Amino acid sequence: QVQLVESGGGLVQPGGSLRLSCAASDSAFSYRTMGWYRRAPGKQRELVAYINPGGGTDYADFAKGRFTISRDNAKKAVLLRMNSLKPEGTAVYFCNSNTFALRWGQGTQVTVSS
């Protein structure tokens, strides 16, 4: 069964940076549009960013200019570089395809606090 394993979260001060990684055991990975999502406490899951098989990207408004999504098809990995983090970025971050075709992983906790 396809697994998604997210990592790289942690505690960071406002204005800091983190790089999240998602490893997928998926033979079709290079053909999928992949996304990062997040779920903040008491809120619904929301999209952070997408990257399509060709490397084209799209971002939620809050992520534009601060976050960068990338992928390594050889490693079946999708990355999210987050700069200038804000306290409202505190959430559990997940990856999945844009159609939620893969089984959700555990996510990685990001806490932005001084």
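The values are calculated or read from the model by the stated rules, or taken from the named source; none is laboratory data. For clarity, every value in this text was computed on a predicted model and none was experimentally measured. Note that we place each Cβ from the backbone using ideal geometry, even for glycine, and neighbour counts take in every protein chain shown. Note: accessible area is taken over every heavy atom of the protein model, side chains too, but ligands, DNA and RNA are not part of it. Shrake-Rupley method; radii C 1.70, N 1.55, O 1.52, S 1.80 Å.
Counting just the residues of region 84-114 that are farther than 14 Å from V5 by Cβ and in contact with a Phe, Trp or Tyr (Cβ under 7 Å, 6 or more places away or on another chain), which one comes out least open to solvent (accessible area, probe 1.4 Å)?
V110
Just to be sure before I move on: is R71 open to solvent by 50 Å² or more (accessible area, probe 1.4 Å) and among the charged types (D, E, K, R) in the structure I sent?
Spelling it out, it is not the case that R71 is open to solvent by 50 Å² or more (accessible area, probe 1.4 Å) and among the charged types (D, E, K, R).
Name the pairs whose Cβ atoms lie under 9 Å apart, with the first residue in region 9-21 and closer than 17 Å to G65 by Cα, the second in a strand (DSSP E or B) and open to solvent by 30 Å² or more (accessible area, probe 1.4 Å), and 6 or more positions between them or separate chains?
Listed pairs, sorted by first residue: S17/R81; L18/R81; R19/L79; R19/R81; L20/S7; L20/L79; L20/R81.
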